[in-house]
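Shown below is the structure under consideration.
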Amino acid sequence: MPACQVNKKNRTQPDLLGIYQLLLGFYGHRNWWPGETQDEIAIGAILTQSVAWKNVETALARLRDQGILTLRDIAAAPAEHIAPLIRSTLYYNQKTQKLKAFARWFGTTYDFDWRRMFSTPVPELRHQLLSLKGLGPETADSILLYAGRLPVFVIDAYTRRLFKRLDLTPAKDSYPDWQQYFSARLPVDPGLYNDFHAQIVHHCKILCQPVPKCADCPLGHLCPGKT
Ligand code: SF4
């Protein structure tokens with residue numbers, strides 16, 4: 001793939017793969033997702049909604065201390081027992097209900113067997129996940145990509161912030177449009193999707209913050225939003 005391509009406005013733009021390579025060269029491989037098992041990845045994906053990852057780590061450690069390590073454990077434990085353990089993740093009563101809804105569904109539908117679940121065709125499985133209480137597209141796609149290693153690009157607020165600043169955006173600011181924008185411009189490669197999303201999150205935490213630190217940015221020479 002060429003390093004650059006010319007868009008319809010006749011402006012030379014970097015391609016997405018080139019941006020990924022610049023981030024990879026600058027930060028190194030991110031080795032995501034921070035979870036040891038598929039159960040832990042899914043639990044973390046639900047708990048991290050609207051909260052920093054360090055708060056999730058606190059909750060995961062407290063769940064572990066209580067012997068709640070798996071989705072089977074989550075399904076069996078009373079909500080009143082789980083909620084205080086995940087208090088650090090905010091909205092903990094709602095998140096308890098989301099965790100239990102996902103765990104019950106996973107047990108009922110797939111007998112807590114990830115291999116069975118991920119043998120379902122991706123569009124059908126994604127539809128099933130999105131029909132569950134409180135599971136939005138970012139969480140569903142994080143489970144598909146990071147627990148299932150399936151080629152589903154995850155879109156989040158960091159992605160939108162960074163690529164709006166780079167002036168690389170879909171015509172409409174909707175989740176499906178953003179996802180299609182990336183899927184159409186990248187090779188179908190779950191390893192690439194995994195690390196690219198991780199690079200975006202890391203870059204937005206380190207440099208491309210709400211008030212960006214542009215001086216050291218590896219994308220500065222490409223970025224119309226550079227300050
Ligand atoms: S140059 Fe600044 S605004 Fe642009 S990507 Fe880098 S940190 Fe973000």
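Return the single residue from 206, 41, 74 with maximal mean-square fluctuation; model: Gaussian network over the chain, springs between Cα atoms under 10 Å.
So, out of 206, 41, 74, the one fluctuating most is 206.
Among all the lysines, which ones have a C-alpha under 28 Å from residue 226's C-alpha, if same-chain residues fewer than 8 places away are not counted?
Qualifying lysines at Cα under 28 Å: 8, 9, 164, 172, 205, 213.
Where does the chain land at 222 nm, in deg cm²/dmol rounded to the nearest 500, when only DSSP H runs of n ≥ 4 count, each adding -39500 (n - 2.57), divided by all residues?
Numbers: 12 runs with 122 residues, N = 227.
-16000 deg cm²/dmol, from helical runs alone.
Moving on. Using only the C-alpha atoms of region 38-147, find the volume of their convex hull and express it per residue in Å³. Provide the component values of the computation, followed by the final result.
Working: hull volume 9.4 nm³, N = 110.
Looking at region 38-147, the number lands at 85 Å³ per residue.
Quick one: Karplus J couplings for region 125-133, per residue in order, coefficients 6.51, -1.76, 1.60, θ = phi - 60°, nearest Hz, x for Gly and Pro?
Coupling constants for region 125-133: 5, 4, 4, 4, 5, 5, 8, 7, 4 Hz.
Enter the accessible area per residue of region 40-167 (Å², integer; probe 1.4 Å; all protein chains in place).
Numbers: 5790 Å² over 128 residues.
Normalised by residue count, the accessible surface of region 40-167 is 45 Å².
A further question on this structure: Calculate, in whole percent, how much of the Cα-Cα pair population of the chain lies beyond 33 Å.
On the way: 5492 of 25651 pairs.
Percent of Cα pairs beyond 33 Å in the chain: 21.
Amide H of residue 112: which non-local residues (sequence gap of 5 or more, or other chain) have their own amide H closer than 5 Å, using H built in the peptide plane?
107
Return the sequence-ordered ³J(HN,Hα) values of region 19-27 in whole Hz as given by the Karplus equation 6.51 cos²θ - 1.76 cosθ + 1.60 applied to θ = phi - 60°, using x for Gly and Pro.
3J(HN,Hα) across region 19-27, in whole Hz: 5, 4, 5, 5, 5, 4, x, 7, 9.
Considering the dipole of the chain built from charges on the beta carbon (Lys and Arg +1, Asp and Glu -1) around the Cα centre, which of 81, 132, 180 is farthest to its positive end?
Result: 180.
On the protein heavy atoms, probe 1.4 angstrom, tell me the percent of accessible surface of region 87-207 carried by carbon and sulfur. If you can, show how the numbers build up before the last one.
On the way: 2770 of 5390 Å².
Carbon plus sulfur share of accessible area: 51 percent.
Which value, in debye to the nearest 20, describes the size of the charge dipole of the chain about its Cα centre when Lys and Arg Cβ atoms bear +1, Asp and Glu Cβ atoms bear -1, and nothing else is charged? The partial results should precede the final answer.
Values: 27 positive and 20 negative charges, 129 e Å.
The dipole of the chain has a size of about 620 debye.
Through the Karplus equation 6.51 cos²θ - 1.76 cosθ + 1.60, θ set to phi - 60°, convert the phi angles of region 187-194 into ³J(HN,Hα) values in whole Hz; use x for Gly and Pro.
x, 6, 8, x, x, 5, 4, 4
Return the whole-Å distance between the Cα centroid of region 109-145 and the Cα centroid of region 178-198.
18
Ok, one more. For the pair residue 180 and residue 90, how long in nm is the line joining their label points, each one 7 Å along Cα→Cβ?
Roughly 3.1 nm, to one decimal.
The values are calculated or read from the model by the stated rules, or taken from the named source; none is laboratory data. Model, not experiment: these values are computed from the prediction. Cβ atoms come from the backbone with ideal geometry, glycine included; neighbour counts cover every protein chain shown. With ligands, DNA and RNA removed, areas are computed over all heavy atoms of the protein, side chains included. Shrake-Rupley method; radii C 1.70, N 1.55, O 1.52, S 1.80 Å.
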